[in-house]
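One structure below.
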Amino acid sequence: MDKTKKIPHHVGIIMDGNGRWANQRGKKRSYGHNAGSANVDRIVTHAFNSGVHALTLYAFSCENWARPKEEVDELMRLLEAYFKKFMKKVIKNKVRLNVIGDVSVLTPSLQKIIAEDVEKSKIYTDHVLNVAVNYGGRQEIVYAVKKLLADGKEVTMEGISENLYTAFCGEPDLIIRTAGELRTSNFLVYQGAYSELYFTDVLWPDFDEAELDKALDSYAGRIRRYGGLVK
Ligand code: IPE
Ligand code: IPE
Ligand code: MG
């Protein structure tokens, strides 16, 4: 690890391109989702080994319910399989899991395993892994504002920030999107207002350690001005 390199504290990843990856191989979309799911741990491990503190992965958006039931079911099955194995892996990695989004509509078994992982991994402080499931950035803003109003508080920018799902790990410094689309598809809308963006044509199942290094190198060379001037 290059100690002099500027490393983002919090990175968000829009893991896109599983369907196209499968299509290129003449396979069904579920084949791509399986490959995409298998890619998660090598990137999580490499990000944390590179000095990233918090990682937010976009796994399933509020809008993804619009897909065929068969595909949604496969994505939910893969999420459940991932969370079932999570604690065994996390023990050596000391990662705190946080699932962001409205989990209340997920199946009871998925909600149960998520709740268990979140509770058991609370003791870890080295790294945070946020997995966005049934997540939407606009929905999150509405949730935060409603929370402020319910608490009898004034609606302010600070108040909204403090009530976002990711409040405890700060705003994402860098948001990566794989698979070539130049949009953020309702990901981290409020807290991503000043994030550096990195887009690559590489499809998620092919996004390996070297590709993450390219994104981190790109970030290291950025100048963040926040509307001001560089001194
Ligand atoms: C994975 O990629 C992202 C999820 C919504 C799970 P896609 O399934 O969107 O793949 P493409 O964009 O169709 O290639
Ligand atoms: C964004 O990808 C959502 C996730 C990666 C979970 P989509 O494939 O759903 O986004 P659009 O439809 O191309 O905007
Ligand atoms: Mg897509």
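Scan region 81-96 for residues that are within 16 Å of ligand 1 (Cβ to nearest atom) and surrounded by 17 or more Cβ atoms within 10 Å (Cβ to Cβ) and the total you get is 2. Applying the criterion of being assigned to a loop (DSSP other than H, G, I, E, B) and among the small types (Gly, Ala, Ser) to the residues of region 188-222, the residue that is surrounded by the fewest Cβ atoms within 10 Å (Cβ to Cβ) is Gly221. Looking only at residues in region 168-186 that are in contact with a Gly (Cβ under 6 Å, 6 or more places away or on another chain) and within 28 Å of Tyr124 (Cβ to Cβ), the one that is surrounded by the fewest Cβ atoms within 10 Å (Cβ to Cβ) is Ile175. Checking each residue in region 21-30 for being within 16 Å of ligand 2 (Cβ to nearest atom) and either surrounded by 16 or more Cβ atoms within 10 Å (Cβ to Cβ) or at positive phi (or both) picks out Trp21, Ala22, Arg29, Ser30.
I'd like to know if region 114-122 contains one or more residues that are small (Gly, Ala, Ser) and touching a Lys or Arg at 6+ places or on another chain (Cβ under 8 Å). Break it down into steps so the answer makes sense when it comes.
Step one: of region 114-122, the residues small (Gly, Ala, Ser) are 115, 121.
Going one step further and asking which of them are touching a Lys or Arg at 6+ places or on another chain (Cβ under 8 Å), we end up with 121.
Within region 114-122, one or more residues are small (Gly, Ala, Ser) and touching a Lys or Arg at 6+ places or on another chain (Cβ under 8 Å).
Does Asp102 satisfy being more than 16 Å from ligand 2 (Cβ to nearest atom), surrounded by 14 or more Cβ atoms within 10 Å (Cβ to Cβ) and not small (Gly, Ala, Ser)? For Asp102, the condition - more than 16 Å from ligand 2 (Cβ to nearest atom), surrounded by 14 or more Cβ atoms within 10 Å (Cβ to Cβ) and not small (Gly, Ala, Ser) - is not met.
Among the residues of region 128-152, those that are on the phi < 0 side of the Ramachandran plot and either at pLDDT below 95 or exposed (fewer than 13 other Cβ atoms within 10 Å of the Cβ) (or both) comprise Arg138, Val142, Lys146, Leu149, Ala150, Asp151.
Just to be sure, is Tyr135 aromatic (Phe, Trp, Tyr) and away from ligand 3 (no atom under 16 Å from the Cβ)?
Details: aromatic (Phe, Trp, Tyr): yes; away from ligand 3 (no atom under 16 Å from the Cβ): no.
Taking the combined requirement at face value, the residue does not satisfy it.
Of the numbered criteria (1) free of Cβ contacts under 8 Å to residues at least 40 places away in the same chain; (2) within 12 Å of ligand 1 (Cβ to nearest atom), the one Gly26 fails is (2).
Criterion first (more than 16 Å from ligand 2 (Cβ to nearest atom), buried (at least 19 other Cβ atoms within 10 Å of the Cβ), modelled with pLDDT under 95 and not charged (D, E, K, R)) does Val52 satisfy it? Answer is no for this residue.
Please work out which residue is nearest to ligand 3 (Cβ to nearest atom), limiting yourself to region 181-200 and to residues that are of a type outside the set (S, T, N, Q) and out of contact with any strand residue (DSSP E or B) (no Cβ under 7 Å at 6 or more places or on another chain). Ranking the candidates gives Glu181 first. Could you say whether any residue in region 192-211 is free of Cβ contacts under 8 Å to residues at least 24 places away in the same chain and polar (S, T, N, Q)? No: zero hits.
Against the list (1) surrounded by fewer than 21 Cβ atoms within 10 Å (Cβ to Cβ); (2) touching a residue at least 40 places away in the same chain (Cβ under 8 Å); (3) within 8 Å of ligand 1 (Cβ to nearest atom), the condition Met15 fails is (1).
The values are calculated or read from the model by the stated rules, or taken from the named source; none is laboratory data. Note that the structure is predicted; figures quoted are calculated from it, not measured. Reconstructed Cβ throughout: ideal geometry from the backbone, glycine too, with neighbour counts over all protein chains shown.
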